[in-house]
Amino acid sequence: MTPSITVVPTSPFADQRPGTSGLRKRTTVFQQPHYLENFVQALLDIAAIAPGQALVVGGDGRFLNREAIGTIVRMAAGNGITHVVVGRGGLLSTPAASHLIRQGAAGGIILSASHNPGGADGDFGIKYNTANGGPAPESFTNKVAERAAALTEYRVAELPAFDLDAVGVQDFGYLKLEVVDPVAAYAALMETLFDFGAIRALIAGGFRLRFDAMHAITGPYAVEILERRLGAPVGTVINGTPLPDFGGGHPDPNLTYAHDLVEELFGDNAPDFGAASDGDGDRNMILGQRFFVTPSDSLAVLAANATLVPAYRGGLAGVARSMPTSAAVDVVAERLGIPCFETPTGWKFFGNLLDAGRITLCGEESFGTGSNHVREKDGLWAVLFWLNVVAARGESVEQIVRAHWAEYGRNYYTRYDYEGVPTEAANSVMAHLRSQLASLPGQVLGGRVVKAADDFSYTDPVDGSVSAKQGLRILFADGTRIVFRLSGTGTEGTTIRAYFETIVVDRKHAEYPVDSTLAEVIKLGLELSQIASYTLRATPTVIV
Ligand code: G16
């Protein structure tokens, strides 16, 4: 049996080049006739999924999710794919999708613009993950961009009506459409990694937690795992119903946007533990009572305490962090005698290291942490890891982090984001900085000696592929770092990110205020870049 296929003539769009994490654009851009179809056709052409192999499809439930999934299912059939696995209602968190792909699929299409707001006025996105469950590498996304730029037609099959809400198999002969519970396999995986008994006992003993799903994808996952399986009281998960516009919010788990959670954790009668995740469930923010854990510190603390968790009891093969992430985890790796890799920003760069067994944990300053259990960062996994560590150590989040600083020293760290900068102005900032790099080494700036200054280039230690121009770095002899790079996930103008870091190894002094400790370094970075005069912005849009 073959479906009736329509070959639709089209012409290429000029802007279908995937960024840090797939193609992210305003929703209205994706609503243009043929826009989504063109990109999906380019993905399917490059993925070249053979008959009999499965394609996983799911998204974070944002506006356009369901319609886009309908289109993708019809296009999959139109391109000879015979088995499509979809999360019920078209929903799958990014880490759950990664896990499903790893169960034997050829790859997956994930619909999400992550932490960017959703809705008709918000953002939409689409990306492809390969058979290892991870974001497609640059070698793949470059080919997709080339293909999209030359596309003249796409193929859609006419299918009978299908039901994305009915778990089970709908068999059309030429296509098996399998709708799965989006939570079940993921929740089962978490039970294999963590000591659910210890976490259950912690909660039963009165430990109070709050999880803010920000009206995004993790609500059903968190209710199942935290409330049903771990016995947290009903209501522990707030904003738990995924909504197409995330309730009008900005589903980014940080101190600015997770305001319901932050108010509670920093207020009177605060719970012991708070956490939030983002639009598609891969980011996390961890809070203790009136205490914020920076993502860079979180990675370091998890690495240092990994053997308290059943899945990592045997120790870590190695760790990795993205280049702009603070070097807190490097200190832990050195102490443990394991390798620490520095990759460009983008989860896809961890894939080869994880596949080759060279690392077990990895993370980024952008609120992402993960391990070899899937090939994406994983918000709820990080929450469970922290709960497992708290249960095993019998200490509060704050006690654990302060003990960590006392033991390893503290990496003071902040990020300035200048959002929606005209692209020309953003390029001028980078060009100005780049022009100075060669002359900086050896100079003493603000009392610190510049050890090196470069445009970060990464050679993948597994396949030897080179990714150049990944951010401008000024590295000082005392470990201080200033980094400038352009974001690859924005949808309006260009976002400049400036990262500042300095290390205080004197254990008695690991408790300075972050602002004043970094003030000199920030001043220096802003002066060197001349960012205020090029962008006409006196202050950043967001300070993370
Ligand atoms: C994506 C990537 C991350 C990256 C983040 C920010 O995360 O997967 O690796 O750190 O974007 O990237 P940029 O600094 O280029 O904006 P997410 O959660 O948005 O998918």
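Read the figures in this text as sums done on the coordinates, not as results from a lab. These numbers were taken from a predicted model, which means no experiment stands behind them. Ideal geometry is used to build each Cβ from the backbone, glycine not excepted, and the neighbour counts take in all protein chains shown.
Would you please give the residues with an amide H less than 5 Å from that of Glu153, counting only those at least 5 places away or on a separate chain, with H modeled from the backbone geometry?
Amide H neighbours of Glu153, under 5 Å, 5+ apart: Thr10.
Residue-wise, which Karplus ³J(HN,Hα) couplings in Hz belong to segment 95-110, taking 6.51 cos²θ - 1.76 cosθ + 1.60, θ = phi - 60°, and x for glycine or proline?
x, 5, 5, 4, 4, 4, 4, 5, 6, x, 7, 7, x, x, 10, 10
Could you line up His432, His215 from fewest to most neighbouring Cβ atoms inside 10 Å?
Fewest-to-most Cβ neighbours within 10 Å comes out as His432, His215.
Could you list, bin by bin from short to long, the percent of Cα-Cα pairs of the chain in 20 Å steps?
Here the calculated profile for the chain is 22, 56, 21, 1.
I'd like the Karplus ³J(HN,Hα) series for segment 410-417: coefficients 6.51, -1.76, 1.60, θ = phi - 60°, whole numbers in Hz, and an x wherever there's a Gly or Pro.
Running phi through 6.51 cos²θ - 1.76 cosθ + 1.60 with θ = phi - 60° gives 10, 9, 6, 8, 8, 10, 9, 10 Hz.
Net charge around Arg228, counting only other residues with Cβ within less than 14 Å of its Cβ (Lys, Arg = +1; Asp, Glu = -1)?
Numbers: positive: Arg200, Arg229; negative: Asp181, Glu191, Glu224, Glu227.
Charge balance near Arg228 sits at -2.
So how far, in whole Å, is the C-alpha centre of segment 134-173 from the one of segment 55-69?
12 Å
When a footprinting reagent is the concern and you count Cβ atoms within 10 Å, what order do Phe367, Phe194, Phe292 take, fewest first? Intermediate results must be reported in sequence, preceding the final value.
On the way: Phe367 25, Phe194 22, Phe292 18.
Arranged by neighbour count, lowest to highest, Phe367, Phe194, Phe292 become Phe292, Phe194, Phe367.
I need the phi-derived Karplus couplings for segment 145-156: 6.51 cos²θ - 1.76 cosθ + 1.60, θ = phi - 60°, integer Hz, Gly and Pro marked x.
4, 4, 4, 4, 6, 10, 6, 10, 7, 9, 10, 10
Given the Cα-Cα distance of Val514 and Ala201 and 0.36 nm per residue of separation, how much length would full extension add, in nm?
Values: separation 313, 0.36 × 313 = 112.68 nm, distance 3.55 nm.
Full extension from Val514 to Ala201 adds 109.1 nm.
Under a cut-off of 17 Å between alpha-carbon atoms, report the lysines in cross-link reach of Lys348, not counting same-chain residues fewer than 8 places apart.
Straight-distance partners of Lys348: Lys127, Lys143, Lys377, Lys469.
Using DSSP, restrict attention to beta bridges with both residues in the chain and report what percent are antiparallel, rounded to the nearest 5. Can you show the working numbers first?
Working: 65 of 93 bridges.
Taking every DSSP beta bridge within the chain, about 70 percent pair in antiparallel fashion.
Compute the distance from the alpha-carbon center of segment 467-534 to that of segment 319-394, in whole Å.
If we compute the Cα centre of each part, the gap is 21 Å.
Using the count of nearby Cβ atoms within 10 Å as a rough guide to exposure, how do Thr502, Thr369 rank from fewest to most?
Thr502, Thr369
Relative contact order (percent) for the chain, with alpha-carbon contacts under 8 angstrom and 6 or more residues of separation? Provide the component values of the computation, followed by the final result.
Numbers: 1240 pairs, mean separation 71.9, N = 544.
Dividing the mean separation by the residue count of the chain yields 13 percent.
For segment 5-182, with equal point scatterers placed on the C-alpha atoms only and solvent neglected, what are the log10 I(q)/I(0) values from the Debye formula at q = 0.10, 0.12, 0.14, 0.15 1/Å, to two decimals?
The computed values of log10 I(q)/I(0) come out as -0.32, -0.47, -0.66, -0.78.
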